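**Student:** Quick one: this structure, given as structure tokens, is what I'll be asking you about.
The values are calculated or read from the model by the stated rules, or taken from the named source; none is laboratory data. Note that the coordinates shown come from a computational prediction; the quantities given were computed from them, not determined experimentally. Virtual Cβ from ideal backbone geometry, glycine too; neighbours counted across all protein chains shown.
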Amino acid sequence: MNFETNYMGMTLKNPLVPSASPMTSDLDGIRRLEDAGAAAIVLPSLFEEQIRHDAAELVHHLEQGTNSYGEAITYFPEPASDEFAIGPEAYLKHVDEAKRTTGVPIIASLNGSTMGGWTDYARNMEQAGADAIELNIYHVAADIDVPGEDVEKRYIEILSAVRSAVNIPVAVKLGPYFSSMANMAKKLDEAGADALVLFNRFYQPDIDLELIEVVPNVVLSNSHELRLPLRWIAILYGRIETSLAATTGVHSAQDAIKLTMAGADVIQMASTLLRRGSHALTDILDGMKQWMEENEYESLQQMKGSLSQKSCPDPTAFERANYMRALQRYM
Amino acid sequence: MNDRPTVMIDGNEAAAHVAYHINDVIAIYPITPSSPMGEWADQWASEGRRNLWGSVPSVAEMQSEGGAAGAVHGALQTGSMTTTFTASQGLLLMIPNMFKIAGELTPCVFHVAARTVATHALSIFGDHSDVMACRMTGWGMLAAGSVQETMDLALISYAASLESRIPFLHFFDGFRTSHEVMKCESLTPDDMRSMLDERHIAAHRARALSPERPAIRGTAQNPDVFFQAREACNPHYMRCPAIVQLAMDRFAKLTGRSYHLFDYFGAPDADRVVIMMGSGAEAAHEAINQLITAGEKVGLLKVRLYRPFSPDHLLAALPASVKSIAVLDRTKEPGADGEPLYKDVQAAMIEAWSEGRLPFATPPRIVGGRYGLSSKEFTPAMVKAVYDNLKSDRPKNHFTIGIRDDISHTSLEFDESFDTEPNDVVRAIFFGLGSDGTVGANKNSIKIIGDETPNYAQGYFVYDSKKAGSVTVSHLRFGPRPIRSTYQVGSANFIGCHQWTFLEKVDVLGRAVKNATLLINSPYGKDDTWNHLPRKVQEQIIAKKIKVFVIDAYEVAKAAGMGSRINTVMQTCFFAVSGVLPKDEAIAAIKNAIKKTYGAKGDEVVKKNWEAVDTTLANLFEVAIPDAPSSDIRIPLPVSGESPEFVQTVLGEMIAGRGDYLPVSALPIDGTFPTNTAQWEKRNIAHEIPVWDPKTCIQCGKCAIVCPHATIRIKAYEPSSLSSAPTTFKSTEARGKEFEGLNLTIQVAPEDCTGCGICVEICPAKNKSEARLKAINMAPQPPLREGESENYKFFLDLPEIDRDRLKINSVKGSQFLQPLFEYSGACSGCGETPYVKLMSQLFGDRSLIANATGCSSIYGGNLPTTPWATNAEGRGPAWCNSLFEDNAEFGLGFRLTADKLGEYARELVGRLAERIGRDVAEAIIHADQSAESGIRAQRARVADLVARLATINEPDAQRLISVAEALVKKSIWILGGDGWAYDIGYGGLDHVLASGRNVNVLVLDTEVYSNTGGQCSKSTPRAAVAKFAAGGKSLGKKDLAMIAMTYGHVYVATVAMGANDNQTVKAFLEAEAYDGPSLIIAYSHCIAHGINMRDGMDIQNQAVDSGHFPLFRYNPMLRTEGKSPLVLDSKPPRVSFADFAYRQNRFKMLTKSKPDDAKRLLNLASQDAKHRWERYKSLADAEAAMAATGGNGHS
């Protein structure tokens, strides 16, 4: 059975791709994932804001208290000026080592904060050997003075800038919070995206009642969360040129099969790998193969998009009617 | 002339540059002002820089200077080229080995940034008292007077030492030369190779100890041969001066810079000559140039080679015309009939005269004088006074210059207006804050001007005695000729005032010349600045026709995202206004310098700085100066008129920057100063201060206990006291049974607070409606200053609560006790001082404190004002700093006195029992003083006793009066940092703990030598970067607590106030109550950790939660109760070591410089933390098991 899939022009041996997570932050983790069957690896994001923050913090702490008191003109040894790797060096080294370590495509992930950062770091990633770049446009539109169209425009600007800066494929990972998700997807397609990765899960802060404080809260996903990407992949499949990667809520072979039927070229996962380890990927892969064999599918390609909105018997099932029916049943 | 690079460096770097290239082994130990030499060596080695021989020198940090000297001796004996760097007490600790090294004729050079030896007081500043203490050791001594000479004579020292086999002490003046930044020509490795004859190095190696050709040294000799053997070295010493001169001649040929053993400058027919050495000779050189131009026949003899002293060379160097000579010594030998150089010159003359070799028509009259002790300024005006003295028929001998000695009348008068500064030299003074980056910017400007122009450049920086809110004064000179002005700028043509408030505190324009330029960082703009200037400043501006420029640097810096770092903005203004460089060139150079400084730390920082440069000029304005002053603003007195006379007339003058003008009579003869003086120095350095919200407050006392500066106080008092309270004074009902019927106030000292915000961070109470607010919140100080000052005064006048009413074994209870340690000069947010303050609250009224040199001795004892305070009865801690290395022994001495005189006093009471009443005697002798109430009762008895004794006319009665205080229990505290306890003082500490005597040792463990700038100690954790561990410390933290516990009879506790403040209070009380040695190791966050100081207590919490610093108390008393002595007070690790570590730059910076090492070391450090916890846990379990079975591990 042919299990291959095409993702942004790259032929992957199967559709399972670990997404950016702590597991892909070290070479051992990457090796384990490759051994488990991963078809490509998405590295954790390079955060421009983090780099800027780290640089400012380093300077601040190296200067804090200096030149103030005669016995302690400074408080730290300061390595020769070229010794600090304060920029993306560590990340790029990781890209390079990941490339050397594995035989599967390495997708670098980038979260910029300035236009110069997006393009410069994207170029750096390409030069370091990344096979593709995933733009992790992690943006919570919290400014009440910024209209939705400006937010959308910014996505397109970032994509266009990066697209023209590099020659490798560029994917855009985005959240679902657009007034017209389908139109947004189309615009990104037109602006040159090679893939859409649906969807980013925003960290959602919590309130700690003991401390009476707002605290960051990372909750790993559950299978039911895959419904959101499922719907939108099904809607978009066949309507735009880009590859489609599903992410969020993939925990079982069934989940992966459903997303493939909806039209996903690639299934990304992180939570299940963090919970169960790399062998979860093997289990899902084996489960998919087994199910497909049992159900006599010849290839992944055959199954892909088979229940997309375009191909399913009831296209409205993915739209508003679905909600109405559910509501009626509840009533 | 050659391709030697021109560099802008200070004396320390100049010496280290040569030392690093030549040596195989470098043993180091930090001591101001020589520490940077060791830091350079360690840093270069960690970068893998190679020496002349193509190898990276082995740099070893030792536990003391004594240790460093021992290691040097050993390395020399086994054939290495070896050096060390030191100063002052450090050099004194090396003396025993120096005798040995010289006795064994071993080539070696020590580089010394000469510093005052502590006598009546410690001083970190420069004079020759330390090197003069080494005269007997048999070392050669070469004195450098400038940064260039420091580099040059360093190399000459090596060449001469290798050839002569006599070790050399190469010295230059601490701070004046060690820290002066100057344009120099750097010696190249080829220069050094040319100067060193490798055959001598090979000979040195061939003399080394080796089992291949064994020899024995260090024998014990007896009366039969020792003497003769001691004389055997004489030919080497006799040859040495010629060898040095030959090396100097080779050097001159190589570089064009010519030196002689004694270098004469001045009129060839001079009748008056000054002889001196060190940096002061440069000021003298500048002065004689002017005097000669004015027609005076004067000369100057600079002593380069002080030992071996060569009278022949000395005499040959002097002009035959000389009639009178003044020999200036930068040291004092009380009781001697003159200082060393003076006596050497006298002896040379007398010898030559008696042997008929005197090359003068008549023997010149020779007088000696002292100058420049502890970096006292030595100016051309003083030089002139010295020459003027020689004009007299009977010149004053044994004089002093630079002070006013109204007691012994040794001092020469001098005319301060005598000025030799040439007009073509730009002389600039900048007043800044340590935190605003002024000094850094000025160092940068020196580099720019030195690099970009043919001008010579010099920078000297004067720092504050306080670490929080410290003021810096930079003195810069730029000119067309080499600059010899080894004194502060006295007549400035440019003044930068980088903080508006200085205009009201310091005489900013006192040293401005006519038509000078004043640049002010002013929040008032060009139109309003004039109206806000104090009247005196306006008058000075008008009288001196000063041009004034203003910029709101904070606004410009803020807009560029630079926060409060106004350095780049002010630097740009300086270049724009001073015209040192054409504007465009200057801006390009500044930008280039920024790129060099920050480029490696990220483009973002560079961009921000560039943006600041670009926006500066548009915001720089000249102020129109009216014809007459208009201001009513007066410059306030430095201290309150209510303060004691001594504070006003002496300390106040020092605060005002006029300490140099205090006469000898103003100062104590023996270093004894009154305590309780910090209260008078209202520094007003906080931008924001905490404001108490009584409604939200839960009265836990945490804000007060963590306050590093004792500026948050709590009192409970009768509500009736409020009748005269100021209108804004806050009060609420006190909670808790013991406070029934009382009101409570938490009051901030607005003018003493440093604004660290630790109180706000620790406050556990949250405002119910707005969770961002707590029971204590920061608010801008200026609008609160007046009202809160009034409130604080009222608060202080409220009576202290009866101490017996308090549960002092709790955080809350302890914080109603009056701190007897307040408003110290420690860093804002200091992690040490809360422990010190707690100790003072609990036991201050009866404590004697022995304080090791370090941060705690500086914030505890650096003048002008000191923080140790007294209570209403006039009692409080009595404090003394002896040395760095002897503090435990010093404190033990306190205990020996307390015990001995106590015993003696009780014996006397017994002898006088019939006269004073047997009951009284019994009560006194057997008084139970285990609790405070018992001590109070004993004090009352002793007071009655003394009154009674006064009426008894017996010698024993008089004797008892003199020791009666010893009948009252004393609390002996031995304070110091980890550098002392883990390293230099460890042997003594161990002995004192082993002695079983009742002393309390408080180790303020910052895990580095904080006071000298963060050098690695044995307490430094693995993976942390520190100076001397630039590549990250590779081994784990020494477990001092575990070592101390092995004795079994030592009370040991580890505390971290930010993790468990109640446990801290308990540990202090238990330690003091324990009738034996107690050791408290207190985790103290520190500015040297590279943290946000406001988070200090939270980081302490993580230190404990990560297992890095487990909390426990080991109380031997518990064993007598059948319990386990070891009580673990912290839980198993629950946060990762990485979470603790990576909030701190000391760990994090390694991830940026050496990521692989950082990862490896962090893993090991995590294991260290885990194992440490497990070790304590298993020990606690074992002790518990032993206790349960009635076993006893210790006798």
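**Student:** Can you name the number of the only condition in (1) in contact with a Phe, Trp or Tyr (Cβ under 6 Å, 6 or more places away or on another chain); (2) surrounded by fewer than 23 Cβ atoms within 10 Å (Cβ to Cβ); (3) within 14 Å of chain A (Cβ to nearest Cβ) that B:Ser564 fails?
**Tutor:** The single condition B:Ser564 does not satisfy is (1).
**Student:** Can I ask one more? Quickly run through the stretch B:836-865 and pick out the residues that are of a type in the set (Ser, Thr, Tyr) and under 24 Å from B:Glu688 (Cα atoms).
**Tutor:** Within the stretch B:836-865, B:Tyr859, B:Thr865 meet the criteria.
**Student:** Moving on. For the subset of the stretch B:450-468 comprising residues that are in a strand (DSSP E or B) and either surrounded by 21 or more Cβ atoms within 10 Å (Cβ to Cβ) or more than 14 Å from chain A (Cβ to nearest Cβ) (or both), which member is farthest from the chain's Cα centre (by Cα)?
**Tutor:** This residue is B:Tyr456.
**Student:** State all residues of the stretch A:67-98 that are at the interface with chain B (Cβ under 7 Å from one of its Cβ atoms), assigned to a loop (DSSP other than H, G, I, E, B) and either under 18 Å from B:Glu13 (Cα atoms) or among the polar types (S, T, N, Q) (or both); if no residue qualifies, say none.
**Tutor:** Across the stretch A:67-98, the qualifying residues are A:Asn67, A:Ser68, A:Gly70, A:Glu71, A:Ile73, A:Thr74, A:Tyr75, A:Phe76, A:Pro77, A:Pro79, A:Ala80, A:Ser81.
**Student:** Can I ask one more? Could you check, for the stretch B:162-174, whether at least one of its residues is in contact with a Pro (Cβ under 7 Å, 6 or more places away or on another chain) and either within 14 Å of another protein chain (Cβ to nearest Cβ) or without any contact (Cβ under 8 Å) to a residue 60 or more places away in the chain (or both)?
**Tutor:** The answer is yes, given that some residue of the stretch B:162-174 is in contact with a Pro (Cβ under 7 Å, 6 or more places away or on another chain) and either within 14 Å of another protein chain (Cβ to nearest Cβ) or without any contact (Cβ under 8 Å) to a residue 60 or more places away in the chain (or both).
**Student:** Hey, another quick one. Going by what's in this entry, would B:Gly299 be described as surrounded by 24 or more Cβ atoms within 10 Å (Cβ to Cβ), in a loop (DSSP other than H, G, I, E, B) and touching a residue at least 24 places away in the same chain (Cβ under 8 Å)?
**Tutor:** Here the answer is no, as B:Gly299 does not meet what is asked.
**Student:** Say we look at the stretch B:577-590 and pick out the residues that are surrounded by fewer than 19 Cβ atoms within 10 Å (Cβ to Cβ) and either among the acidic types (Asp, Glu) or not in a helix (DSSP H, G or I) (or both); which of these is nearest to the other protein chains (Cβ to nearest Cβ)?
**Tutor:** Per the criteria, the residue is B:Glu585.
**Student:** If you don't mind, another one. Please verify whether B:Phe574 is within 18 Å of B:Thr438 (Cβ to Cβ), part of a strand (DSSP E or B) and either of a type outside the set (A, V, I, L, M) or in contact with an Asp or Glu (Cβ under 8 Å, 6 or more places away or on another chain) (or both), treating the condition exactly as stated.
**Tutor:** Working: within 18 Å of B:Thr438 (Cβ to Cβ): yes; part of a strand (DSSP E or B): no; either of a type outside the set (A, V, I, L, M) or in contact with an Asp or Glu (Cβ under 8 Å, 6 or more places away or on another chain) (or both): yes.
In short, no.
**Student:** Moving to a separate point now. Looking at the stretch B:338-362, which of its residues are free of Cβ contacts under 8 Å to residues at least 12 places away in the same chain and in a loop (DSSP other than H, G, I, E, B)?
**Tutor:** Passing the criteria: B:Glu355, B:Gly356.
**Student:** Now for a separate question. For the structure I just gave you, tell me whether A:Asn67 is more than 20 Å from B:Lys1154 (Cβ to Cβ), touching a residue at least 24 places away in the same chain (Cβ under 8 Å) and either buried (at least 20 other Cβ atoms within 10 Å of the Cβ) or not hydroxyl-bearing (Ser, Thr, Tyr) (or both).
**Tutor:** no
**Student:** Quick check on the stretch B:69-87. Is at least one of its residues within 14 Å of chain A (Cβ to nearest Cβ), polar (S, T, N, Q), under 24 Å from B:Gly174 (Cα atoms) and crowded, with 24+ Cβ neighbours inside 10 Å?
**Tutor:** Checked the stretch B:69-87: no residue is within 14 Å of chain A (Cβ to nearest Cβ), polar (S, T, N, Q), under 24 Å from B:Gly174 (Cα atoms) and crowded, with 24+ Cβ neighbours inside 10 Å.
**Student:** Working carefully through the options B:Gln929, B:Gln938, find the one that is outside any helix (DSSP H, G or I), surrounded by 13 or more Cβ atoms within 10 Å (Cβ to Cβ), within 43 Å of the chain's Cα centre (by Cα) and among the polar types (S, T, N, Q). If you could, list the steps in order and put the result at the bottom.
**Tutor:** Working: B:Gln938 fails: outside any helix (DSSP H, G or I).
Just a single option satisfies the conditions, and that option is B:Gln929.
**Student:** I'd like the full set of residues that are exposed (fewer than 12 other Cβ atoms within 10 Å of the Cβ) and polar (S, T, N, Q), limited to the stretch B:226-245.
**Tutor:** B:Gln228, B:Asn234
**Student:** Next up: Check the stretch A:202-219 and report whether any residue there is surrounded by 15 or more Cβ atoms within 10 Å (Cβ to Cβ) and assigned to a loop (DSSP other than H, G, I, E, B).
**Tutor:** no
**Student:** May I ask you to list the residues in the stretch A:3-32 that are within 27 Å of A:Asn167 (Cα to Cα), away from every other protein chain (no Cβ under 14 Å), part of a helix (DSSP H, G or I) and over 14 Å from the mean Cα position of the chain (by Cα)?
**Tutor:** A:Ile30, A:Arg31
**Student:** If you check B:Ala114 against the conditions, is it hydrophobic (A, V, I, L, M, F, W, C), touching a helix residue (DSSP H, G or I) at 6+ places or on another chain (Cβ under 9 Å) and more than 20 Å from B:Ala27 (Cβ to Cβ)?
**Tutor:** Answer is no for this residue.
**Student:** Just checking, which of B:Phe795, B:Phe816 is farther than 22 Å from B:Asn1060 by Cα, crowded, with 16+ Cβ neighbours inside 10 Å and touching a Lys or Arg at 6+ places or on another chain (Cβ under 8 Å)?
**Tutor:** None of the others qualify; the one that does is B:Phe795.
**Student:** Give me the pairs, please: first residue somewhere in the stretch B:591-613 and facing chain A (nearest Cβ under 8 Å), second residue anywhere and surrounded by fewer than 17 Cβ atoms within 10 Å (Cβ to Cβ), beta-carbon distance under 7 Å, and either six or more positions apart or on two chains.
**Tutor:** Between residues of the stretch B:591-613 that are facing chain A (nearest Cβ under 8 Å) and residues that are surrounded by fewer than 17 Cβ atoms within 10 Å (Cβ to Cβ), the close pairs are B:Lys596/A:Ser81; B:Gly599/A:Ser81; B:Ala600/A:Ser81; B:Ala600/A:Asp82; B:Ala600/A:Glu83.
**Student:** Hey, can you tell me all the residues within the stretch B:108-121 that are surrounded by fewer than 24 Cβ atoms within 10 Å (Cβ to Cβ) and either hydrophobic (A, V, I, L, M, F, W, C) or touching a Lys or Arg at 6+ places or on another chain (Cβ under 8 Å) (or both)?
**Tutor:** Across the stretch B:108-121, the qualifying residues are B:Val117, B:Ala118, B:Ala121.
**Student:** Check the stretch B:40-52 and report whether any residue there is away from chain A (no Cβ under 14 Å) and either touching a Cys at 6+ places or on another chain (Cβ under 6 Å) or crowded, with 24+ Cβ neighbours inside 10 Å (or both).
**Tutor:** No - not one qualifying residue is present in the stretch B:40-52.
**Student:** Right, next: Which ranges mark the helices (runs of 4 or more DSSP H) fully within the stretch B:748-840 that have 1 or more residues being under 29 Å from the mean Cα position of the chain (by Cα) and at pLDDT 95 or above?
**Tutor:** Per the criteria, B:758-762.
**Student:** Are any of the residues in the stretch B:592-599 more than 25 Å from B:Gly525 (Cα to Cα), among the hydrophobic types (A, V, I, L, M, F, W, C) and either in a loop (DSSP other than H, G, I, E, B) or touching a helix residue (DSSP H, G or I) at 6+ places or on another chain (Cβ under 7 Å) (or both)? Show your work before the answer.
**Tutor:** Here is the first cut: in the stretch B:592-599, the residues more than 25 Å from B:Gly525 (Cα to Cα) are B:592-599.
Subsequent filtering for residues that are among the hydrophobic types (A, V, I, L, M, F, W, C) retains B:593-594.
When the remaining residues are screened for being either in a loop (DSSP other than H, G, I, E, B) or touching a helix residue (DSSP H, G or I) at 6+ places or on another chain (Cβ under 7 Å) (or both), the result is B:593-594.
Yes: one or more hits.
**Student:** Considering each of B:Val471, B:Val513, B:Val506 in turn, give the residue that is under 27 Å from B:Arg658 (Cβ atoms) and within 14 Å of chain A (Cβ to nearest Cβ).
**Tutor:** None of the others qualify; the one that does is B:Val471.
**Student:** If you check B:Gly402 against the conditions, is it under 28 Å from B:Ala656 (Cα atoms) and within 14 Å of chain A (Cβ to nearest Cβ)?
**Tutor:** Details: under 28 Å from B:Ala656 (Cα atoms): yes; within 14 Å of chain A (Cβ to nearest Cβ): no.
The answer is no for B:Gly402.
**Student:** Something else: Considering only residues that are modelled with pLDDT of 75 or more, assigned to a helix (DSSP H, G or I) and among the polar types (S, T, N, Q), which ones fall in the stretch A:284-331?
**Tutor:** Matches in the stretch A:284-331: A:Gln290, A:Gln301, A:Gln302, A:Thr316.
**Student:** Just the residues that are assigned to a helix (DSSP H, G or I), more than 14 Å from every other protein chain (Cβ to nearest Cβ) and not aliphatic (A, V, I, L, M), please, taken from the stretch B:1116-1154. Full working, then the answer.
**Tutor:** Of the stretch B:1116-1154, the ones assigned to a helix (DSSP H, G or I) are B:1116-1120, B:1137-1141, B:1145-1153.
If we keep only those that are more than 14 Å from every other protein chain (Cβ to nearest Cβ) as well, we get B:1116-1120, B:1137, B:1140.
Selection gives B:Pro1116, B:Arg1119, B:Thr1120, B:Phe1137, B:Phe1140.
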